[in-house]
Amino acid sequence: MAPTKERAPRVSRNPDLIRGIGKFSKSQMYHKKGIWAIKAKNGGVFPRHDPKPKPETAAEKPPKFYPADDVKKPLRNKHKPKQTKLRASITPGTVLILLAGRFKGKRVVFLKQLPSGLLLVTGPFKINGVPLRRVNQAYVIGTSTKVDISGVNVDNLDDKYFSKEAPKKKSKGEGEFFGSDKEEKKALPQQKKDDQKTVDAALIKAIESVPDLKTYLGARFSLKAGVKPHELVF
Amino acid sequence: MPFKRFVEIGRVALINYGPEYGRIVVIVDVIDQTRALVDAPDMERSPINFKRLSLTDIKIDIKRVPKKKDLIKAMEAADVKNKWEKSSWGRKLIVKKRRAALNDFDRFKIMLAKIKRAGVVRQELAKLRKTAA
């Protein structure tokens, strides 16, 4: 086929009076589009291309089993989940307080929102032991403290980076059942350690430029006696 | 035992209940047994129940229901704002407001400062104890 040249975007010759109702009738549009002129040029017939020859499909065999009752197939659902809406208080560089999980109470720096909707977060690791990690927005308090995150590049990190490795299929054998259940915990791949170091290097520099911020991130958050969470400004 | 703060025209009061909580107003008229007409430079003149007012020591010199311009002039002449902010009551309220608006990071920094101050105090105390012993 000849390569298509760049075309100007198609504009409708029929302006909308209201959505769904055009200004011109069918016969007026016929005249405006010049179908009469094209027909006149082509001997009274609108030119048609012959349909492209379809590739030969193999002859289908009749199925060997017909179910007794006609069962309706459920409709296909093509909905894709949208990325969770990020709270306005959480912007890249915000210090977050984790509320659940292994690192509950830790104050942590927010890097970016991943396509799945989870938040990418880092301690930094050297400061409070929280590695590059995903965290759900619902289990997080966004404080109003921000860290300068301009020197940090997190473009290479996404959900696939954090997915668990698919377990290798073990051949069935009685020895496997009576032996140790799982192999020892896999050592963290060196590449992940390097990623942690590069992300944290720029962050730590920005953190150290603010007095007390390093100790702040190293300390855990807790409620003390007399403190009312609904009255706290974070 | 005798009363010192009276409800009178020109008495500066603090609203202690309701949507205008914490506002400093001036009593410009008395409506009846229960209500006064109050006014402040940045609010519409409105009636308010005496129960919602806490009287202060400050009084300004105005006529009954002055025009806004005259009210503002009188308040500047009596320097109400500064007097209030320097008074012990006013200072306590300012500290309360500031504490309520503290960030999580601010609270952390205050904790560090308190620990530091306590350490210094304890050192001095230890020195004094040594010389006294």
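Quick one: count up the residues across the range A:109-153 that are charged (D, E, K, R), closer than 13 Å to A:I207 by Cα and surrounded by 18 or more Cβ atoms within 10 Å (Cβ to Cβ). Give the derivation first.
Going residue by residue through the range A:109-153, those that are charged (D, E, K, R) are A:112, A:126, A:133-134, A:146, A:148.
Filter again for closer than 13 Å to A:I207 by Cα, leaving A:126, A:146, A:148.
Retained after the next criterion (residues that are surrounded by 18 or more Cβ atoms within 10 Å (Cβ to Cβ)): none.
So the answer is 0.
Kindly state which strands (runs of 3 or more DSSP E) lie completely within the range A:118-166 and contain at least 1 residues that are within 14 Å of chain B (Cβ to nearest Cβ).
Details: elements: A:119-122, A:133-135, A:140-146.
So the answer is A:140-146.
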Count of the range B:47-78 residues which are more than 12 Å from B:V12 (Cβ to Cβ), surrounded by 12 or more Cβ atoms within 10 Å (Cβ to Cβ) and not basic (K, R): 9
Options B:K97, B:K114, B:K109: the member that is surrounded by 14 or more Cβ atoms within 10 Å (Cβ to Cβ), charged (D, E, K, R) and either outside the structural domain of B:V7 (by the TED database) or assigned to a helix (DSSP H, G or I) (or both): B:K109
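Touching a Lys or Arg at 6+ places or on another chain (Cβ under 8 Å) and farther than 30 Å from A:I97 by Cβ: which single residue out of B:V26, B:V30 fits that description? Let's see the steps before the verdict.
Details: B:V30 fails: touching a Lys or Arg at 6+ places or on another chain (Cβ under 8 Å).
On inspection, the qualifying residue turns out to be B:V26.
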Where a residue in the range B:27-40 is under 12 Å from B:V65 (Cα atoms) and its partner, wherever it lies, is among the β-branched types (V, I, T) and surrounded by fewer than 18 Cβ atoms within 10 Å (Cβ to Cβ), with Cβ under 7 Å and at least six apart: B:I27/B:V7; B:V28/B:V65; B:D29/B:V65; B:V30/B:V7; B:A36/B:V7; B:A36/B:V30; B:L37/B:I31; B:L37/B:V65
Some residue of the range A:89-96 being touching a residue at least 60 places away in the same chain (Cβ under 8 Å), part of a loop (DSSP other than H, G, I, E, B) and of a type in the set (A, V, I, L, M, F, W, C): no
Residue in the range B:78-88 that is within 30 Å of A:K224 (Cα to Cα) and hydrophobic (A, V, I, L, M, F, W, C) present: no
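Has the range B:65-80 got at least one residue that is within 11 Å of the chain's Cα centre (by Cα), outside any loop (DSSP other than H, G, I, E, B) and farther than 16 Å from B:D29 by Cα?
Keep residues of the range B:65-80 that are within 11 Å of the chain's Cα centre (by Cα), which gives B:80.
From what is left, the residues that are outside any loop (DSSP other than H, G, I, E, B) are B:80.
Subset that is farther than 16 Å from B:D29 by Cα: B:80.
Yes - at least one qualifying residue is present in the range B:65-80.
State all residues of the range B:76-133 that are away from every other protein chain (no Cβ under 14 Å), farther than 30 Å from B:I60 by Cβ and not charged (D, E, K, R); if no residue qualifies, say none. Even if it seems obvious, please write down each step before you answer.
Here is the first cut: in the range B:76-133, the residues away from every other protein chain (no Cβ under 14 Å) are B:76-95, B:117-133.
Add one more test, that the residue is farther than 30 Å from B:I60 by Cβ, and what stays is B:117-133.
Across the range B:76-133, the qualifying residues are B:A118, B:G119, B:V120, B:V121, B:Q123, B:L125, B:A126, B:L128, B:T131, B:A132, B:A133.
Taking the residues in the range A:197-219 that are within 11 Å of chain B (Cβ to nearest Cβ) and touching a residue at least 60 places away in the same chain (Cβ under 8 Å) as candidates, determine which candidate is nearest to B:D104 (Cα to Cα). Please lay out each step first, then the result.
Applying the first criterion (within 11 Å of chain B (Cβ to nearest Cβ)) to the range A:197-219 yields A:210-213, A:215-219.
From what is left, the residues that are touching a residue at least 60 places away in the same chain (Cβ under 8 Å) are A:210, A:213, A:216-219.
On the way: A:V210: 15, A:L213: 11, A:Y216: 9, A:L217: 11, A:G218: 14, A:A219: 12 Å.
Going through the qualifying residues, I end up with A:Y216.
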Residue among A:G44, A:G34, A:G22 that alone is in contact with a strand residue (DSSP E or B) (Cβ under 7 Å, 6 or more places away or on another chain) and under 27 Å from A:R10 (Cα atoms): A:G22
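The values are calculated or read from the model by the stated rules, or taken from the named source; none is laboratory data. Keep in mind the model is a prediction, meaning the values are calculated, not measured. So basically every Cβ, Gly included, is an ideal-geometry build from the backbone, and we count neighbours across all protein chains shown.
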